[in-house]
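Notes for the one structure printed next.
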Amino acid sequence: MRQTARALCAAALLAVVAFLLAGGHAGRSGEALAAGSVPSSSQGLDVLPFPGTPDAAPGTNVVFPKIEPGEIASITVVGSRSGIHTGSLSAQPAGRGSAFGPAHPFTPGERVSVTAQLRSTAAAAASGAPGSSRIHFSFSVARPAHIRTSAAPDSSVDSLGVTNPAATNAAATRSASKKTHTFITLPGDKPPIVTISGKDTDHKSGDIFLTAQDTGQAAPYILDRRGDLLWYQPSGTPSTFNLRVQSYDSQPVLTYWQGHVVCPPCSGEGSDPILNEHYQTIHTVTAGGGYQNQGTDLHEFTLGSEGSEGTAFVTIWSPIQANLTSVGGPANGTLFDWIIQEIDVATNKVIWSWHAYGHVPIKDSYATYVNGQPYDYFHLNSIQQLSNGNLIISARHTWAVYEINKSTGKIKWTLGGKHSTFKMGTGTKFEWQHDATLHSNGLMSLYDDAFGPGPTPEAQSRALKLHLSFSKHTATLVHGYTHTPAVKAASMGSVQILNNKDNVFIGWGNKRYFSEVTSSGKRIFGGAFATGVDSYRAYRFSNWIGAPLQPPAIVVKKASKSGQDAVYTSWNGANTVAKWQVLGSSSASGPFSDVGSPVAWSSFQTQVDVNSSAGPYFEVEALDSNGNPIPGGTSNVVKGP
């Protein structure tokens, strides 16, 4: 230890001695910690960082999720190199326990010992220490690794060094085919062109939610079931991923990720906006707990459910120094750890966190270590919160899905990979997967990319339905869905079981397709982007009613027929417009009267040719399916040519 006796008070010396006698060692590697060097008595504690965490951020807080501040009589936090830490104890948001915030960051590589003296044995029991009024545990602090990253296109996400046709042929594609629409009423914006084939007979599943990738303009956007654009909003960032409808404060909201992709590890650095029905950003969730400068990763942003409404789960990746000898690397190599943070949306305060490196051994990975390069052993890409609070997560590089006990951080079971808790039945094995979701009655859906370094048994990517028997510990194939033409996606992908509990909506990863199929696999309809364009995931939702605050757009130009004007109109984000009524007047101040009969909404931008004599001033009014004016749906007045 670097501190001298003169630098520490007597109490600190006693604490450090007690800590070292208990087995602490400043130089111990994270790999050893992850293997179980922490005393078993502390393994089940509901505290953060979880006991034995090998790479907590230097800026981390110490959190007691089940203990309010008034129940803590004293707390002593000692770093094996930095000594005793002063700080402040405060309540976590919404009654979620207490947090001790150190006045100064911890020292990289040190071991930190925490002792909390409680006012009652009940408080200790709530945190996993029954029969005691004292909690003691320790964790280690990461030794950050400094790596050189570079900005990368969206097509590099999850690349794993695999040649991506979308990226390889990008230059040729841009000149060979048109990728995006151009609308007079949406100047400067470039929504992707999507071609729909087949007829959607599933009217109740709603609109289609996508993100524009590799188009030159990142944006979330919504299509109707015919493939016509309903809403498009450039994010102003290099990349946008994962648009979907979630619930916040008991109301439907839009959520997505925005930021930039960097390689390695070909993942994201950014933030996660939440939009209300008016398409206003009501919150932007960012990373905390020492990862503020990096931001959140692109792979997942899911709002808490059940008792955790008001929180959000995000993914974060972090380069650290680690022992990689178990995978043929050096003892002082660079590892990408993957972290989950649960964040209180209203305050952006971290209330829970979990590090893969502390719970899953490095050697469980199927990723190949490349000499001299950082090792991305886990690659977390989906998070689902269960009704009991536990989490279902998918790790692409271990070919496994896990259930995490949220109170202890322990892995309850593992599906797939090298150490599956379940016996994998015929056709159930998956590789490099995405978007794992556990449904009722043991049904699990996920996207099996089946494409990466090394051989994989599947000839093509599949959307999977599996049945998990928790009593027999078996996994059985319910159905494997494939695409025609066959695809093998190098990255991305999603599987959504729709509200009718029968049809399945599939995003085929970086292979530019999405489709809906029946439970038996019969294709209903599908969409295709231009070559080189894709969407990280694809969803359908029926509970989104957009109510944009801006009025409908209107542009009037000379029509091709003499004596007529062409009125172009659109209302970006409004998904309930059934008809348009053009109104005209000889004066800008009116009165305005109907010009002809209402015209059916035909696509994002509707053109109506009118007699020039009805103007020269025009406005349009949006009507619903009953022919009634939609509130806020009258455009500004414009003068014709």
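The values are calculated or read from the model by the stated rules, or taken from the named source; none is laboratory data. Since the model is a prediction, treat every value here as computed from it, not as a measurement. With ideal geometry, Cβ positions are generated from the backbone for all residues, glycine too; neighbour counts draw on all protein chains shown. Calculation scope for accessible area: heavy atoms of the full protein, side chains included, ligands and nucleic acids excluded. Shrake-Rupley method; radii C 1.70, N 1.55, O 1.52, S 1.80 Å.
Conditions tested, residue by residue: (1) over 24 Å from Val62 (Cα atoms); (2) touching a Pro at 6+ places or on another chain (Cβ under 7 Å).
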| site | (1), (2) |
| --- | --- |
| His260 | yes, yes |
| Ser267 | yes, no |
| Tyr279 | yes, yes |
| Ile282 | yes, no |
| Gly289 | no, no |
| Leu303 | no, no |
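On the given criteria, is Tyr369 of a type outside the set (D, E, K, R), modelled with pLDDT of 95 or more and in a helix (DSSP H, G or I)? So Tyr369 fails the test. Restricting attention to the stretch 428-447, which residues are farther than 14 Å from Thr398 by Cβ, in contact with a Lys or Arg (Cβ under 9 Å, 6 or more places away or on another chain) and open to solvent by less than 30 Å² (accessible area, probe 1.4 Å)? Hits for the stretch 428-447 are Asp435, Met444, Ser445, Tyr447. Screening Ser387 on (1) open to solvent by 10 Å² or more (accessible area, probe 1.4 Å); (2) modelled with pLDDT of 95 or more shows it passes everything except condition (2). How about the stretch 521-553: which of its residues are assigned to a loop (DSSP other than H, G, I, E, B), among the charged types (D, E, K, R) and in contact with a strand residue (DSSP E or B) (Cβ under 7 Å, 6 or more places away or on another chain)? The one that is assigned to a loop (DSSP other than H, G, I, E, B), among the charged types (D, E, K, R) and in contact with a strand residue (DSSP E or B) (Cβ under 7 Å, 6 or more places away or on another chain): Arg537. For the stretch 293-306, indicate whether the set of residues that are free of Cβ contacts under 8 Å to residues at least 12 places away in the same chain and polar (S, T, N, Q) is non-empty. Yes, the conditions are met somewhere in the stretch 293-306. Which one is modelled with the highest pLDDT, of the residues in the stretch 132-171 that are at positive phi and open to solvent by less than 60 Å² (accessible area, probe 1.4 Å)? My answer is Asp158.
Applying the criterion of at least 1 residues that are aliphatic (A, V, I, L, M), surrounded by fewer than 20 Cβ atoms within 10 Å (Cβ to Cβ) and modelled with pLDDT of 95 or more to the strands (runs of 3 or more DSSP E) found wholly in the stretch 593-641 leaves 629-634.
All of Ala489, Ala475, Ala538 fail the test of being modelled with pLDDT of 95 or more and within 30 Å of Gln258 (Cα to Cα), apart from Ala538. Here the strands (runs of 3 or more DSSP E) wholly within the stretch 199-306 that include at least 1 residues being open to solvent by 20 Å² or more (accessible area, probe 1.4 Å) and more than 26 Å from Ile392 (Cα to Cα) are 207-212, 251-263, 281-285. When Ala559 is tested against (1) among the aliphatic types (A, V, I, L, M); (2) over 30 Å from Ser445 (Cβ atoms); (3) surrounded by 22 or more Cβ atoms within 10 Å (Cβ to Cβ), only condition (3) is not met. Looking across the stretch 75-105 at every residue that is more than 13 Å from Asn61 (Cα to Cα) and out of contact with any strand residue (DSSP E or B) (no Cβ under 6 Å at 6 or more places or on another chain), the one that is most open to solvent (accessible area, probe 1.4 Å) is identified as Ala94. Among the residues of the stretch 510-546, those identified as over 23 Å from Asn500 (Cβ atoms) and either of a type in the set (Ser, Thr, Tyr) or out of contact with any His (no Cβ under 9 Å at 6 or more places or on another chain) (or both) are Asn510, Arg512, Ala528, Phe529, Ala530, Thr531, Gly532, Val533, Asp534, Tyr536.
Does Ala489 satisfy the condition of being in contact with a Gly (Cβ under 6 Å, 6 or more places away or on another chain) and crowded, with 17+ Cβ neighbours inside 10 Å? Criteria met by Ala489.
When the stretch 307-342 is filtered for residues that are aliphatic (A, V, I, L, M), open to solvent by less than 30 Å² (accessible area, probe 1.4 Å) and more than 13 Å from the chain's Cα centre (by Cα), the ones remaining, listed by number, are Ile320, Ala322, Leu324, Leu335.
Which residue is most open to solvent (accessible area, probe 1.4 Å), if the candidates are limited to the stretch 502-520 and must be assigned to a loop (DSSP other than H, G, I, E, B) and either closer than 15 Å to Ile196 by Cα or among the hydroxyl-bearing types (Ser, Thr, Tyr) (or both)?
Ser520
Among the residues of the stretch 405-417, those identified as touching a strand residue (DSSP E or B) at 6+ places or on another chain (Cβ under 8 Å), open to solvent by 20 Å² or more (accessible area, probe 1.4 Å) and not β-branched (Val, Ile, Thr) are Asn405, Lys406, Lys410, Lys412, Gly417. Could you tell me whether Ser585 is open to solvent by less than 50 Å² (accessible area, probe 1.4 Å) and more than 28 Å from His278 (Cα to Cα)? Spelling it out, Ser585 is indeed open to solvent by less than 50 Å² (accessible area, probe 1.4 Å) and more than 28 Å from His278 (Cα to Cα).
Within the stretch 461-482, restricting attention to residues that are under 25 Å from the mean Cα position of the chain (by Cα) and assigned to a loop (DSSP other than H, G, I, E, B), the residue that is farthest from Ser382 (Cα to Cα) is Thr482.
Looking at Gln605, Gln581, just one residue is of a type in the set (S, T, N, Q) and within 15 Å of Leu230 (Cα to Cα), and that residue is Gln605.
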